[in-house]
Amino acid sequence: MEKTLLTKLLVGFVLMGFAGCKLSKDDKDIVVKVDPEFSIGMFEELNQTRDFQLTFETVENQSCSSNIINFFSDKKDRSLTLNLNEIVEVENCQTGSGVAGGHASFDYLPTGIYNLELNLKNALTSTGKLTVSNEMYSLDLEQGNGFVAKIAELMRIPQSTIWGYVAYKQSQQSTDAQAFLTDLNAKTSALSLSKGNFGYFSVDQNGKLSLNNTPDYNNIKTFYRTQTGVKSDIETLLSDYRAQYQDGSMEFKIFTWEGEML
C-alpha cells in the first residue's frame, strides 16, 4: 500500500529526531522539500450564518476514497489554523480508490484580512492570508510544504439570488423549456454575476452558469435571477410545470441563496 506523506513524515521525524522542517540546529539553511500532498479549497455554506469552510483533499488517490482525515481547526480573532493529523483507513471500504477529503468550518467571517496557518502533523507549515470582502474570498497561500491552493478566489452568491436549470430529454421540448424560463423571468429580475467559481456553480466569461453536478438529461438550460417577489410564487410556478411532466421527460430545479432546493 502506498504510504501517505503524513505517514512518511511521522516515521522520518521519529527516526531522525526532527521537530520541524529544519534538519538540525547546525543545518539552518537545509529545508526538507516535499511535493504537495493536499489541495486546499474554499466553500461558503449557504445557511442562516453563511459559514466559511476550508476544504482539503489528498492530491494522490488513496486505496479508499472514504478514508477519514483526522484534523483540528481553530479560529482566534483574525487567525485561522488547520492541522491535518493523519489519514484513518476505514474497514471494508466499498467506494473504491480515489482522493480522500474533508472540510473545516470556521463559522461566519466578517470582512477583513485573516492570517492562515496550515500544518501537517505539526511538522510542516504553510502560511498565508485570507481576504474576505462582500464579493469574494481571496486566498494567498505559501505554496509547498505539503499544501497547494486549489482555487485562489471564491465568489460569494449575492442575497436574493436564485439559480437552477430546466432539463429535457427530447430536443423538441426546447420550446416548453423556454416557456418555463419566460414565465420565471416575469416573476424575477435580471442579475449580472462576475466570472468565477461560486462554490455551488461557476460562471464563464460569457455569463453562462455551469452546474457542479449535471443532471442526467440530453439537454439542459441553466439560469440565475434575482428573486423580487414572494417565494411561494416561484414554488407555484414549479408545481404547475412539474404537474405537466410527471413522466420525468423534463425536470425543473431552483436553488436559493438561503441554501434551499425548491
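The values are calculated or read from the model by the stated rules, or taken from the named source; none is laboratory data. As the structure is a computational prediction, the values presented were derived from the model and not from experiment. Glycine also receives a Cβ, built like all others from the backbone with ideal geometry; neighbour counts cover every protein chain displayed.
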Next on the checklist: Quick check on my filter: what residues within the range 91-116 are on the phi < 0 side of the Ramachandran plot and either out of contact with any strand residue (DSSP E or B) (no Cβ under 9 Å at 6 or more places or on another chain) or among the aromatic types (Phe, Trp, Tyr) (or both)?
Outcome noted: Glu91, Cys93, Gln94, Thr95, Phe106, Tyr108, Tyr114
Checklist entry - Looking at Ile220, is it surrounded by 19 or more Cβ atoms within 10 Å (Cβ to Cβ), of a type in the set (Val, Ile, Thr) and modelled with pLDDT of 95 or more? => result no
Item to check | In the range 179-195, the residues that are surrounded by fewer than 18 Cβ atoms within 10 Å (Cβ to Cβ) and in contact (Cβ under 8 Å) with a residue 40 or more places away in the chain | outcome: Leu181, Asp183, Asn185, Lys187, Ser194
Checklist entry - Among the residues of the range 245-262, how many are polar (S, T, N, Q) and modelled with pLDDT under 95? => result 2
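Would you say Leu141 is touching a Lys or Arg at 6+ places or on another chain (Cβ under 9 Å), touching a residue at least 60 places away in the same chain (Cβ under 8 Å) and aliphatic (A, V, I, L, M)?
yes
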Next on the checklist: For the range 67-116: of the residues being assigned to a loop (DSSP other than H, G, I, E, B) and either among the hydrophobic types (A, V, I, L, M, F, W, C) or in contact (Cβ under 8 Å) with a residue 60 or more places away in the chain (or both), which is nearest to Thr49 (Cα to Cα)?
Outcome noted: Leu109
Checklist entry - Just wondering, is there one or more residues in the range 160-181 that are among the acidic types (Asp, Glu), assigned by TED's automatic domain parsing to the domain that holds Gly248 and farther than 16 Å from Phe56 by Cβ? => result yes
Checklist entry - Within the range 131-154, can one find any residue that is among the polar types (S, T, N, Q), at pLDDT below 95, surrounded by 13 or more Cβ atoms within 10 Å (Cβ to Cβ) and more than 18 Å from the chain's Cα centre (by Cα)? => result yes
Next on the checklist: Step by step: first the residues of the range 223-235, then only those that are surrounded by 18 or more Cβ atoms within 10 Å (Cβ to Cβ) and part of a strand (DSSP E or B), then the one that is farthest from the chain's Cα centre (by Cα). Which residue is that?
Outcome noted: Gln227
Checklist outcome for this item: Of the residues in the range 236-262 that are touching a residue at least 24 places away in the same chain (Cβ under 8 Å) and of a type in the set (Val, Ile, Thr), the one that is surrounded by the fewest Cβ atoms within 10 Å (Cβ to Cβ) is Thr256
Checklist outcome for this item: Selection over the range 131-149 where residues are among the polar types (S, T, N, Q) and within 22 Å of Glu45 (Cβ to Cβ) yields a count of 4
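Listed here are the residues, each with its yes/no results for (1) more than 30 Å from Phe252 (Cβ to Cβ); (2) among the aromatic types (Phe, Trp, Tyr); (3) touching a strand residue (DSSP E or B) at 6+ places or on another chain (Cβ under 7 Å).
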site: Leu124; (1), (2), (3): yes, no, no
site: Thr127; (1), (2), (3): yes, no, yes
site: Leu141; (1), (2), (3): yes, no, yes
site: Ala152; (1), (2), (3): yes, no, yes
site: Gln173; (1), (2), (3): no, no, yes
site: Leu181; (1), (2), (3): no, no, yes
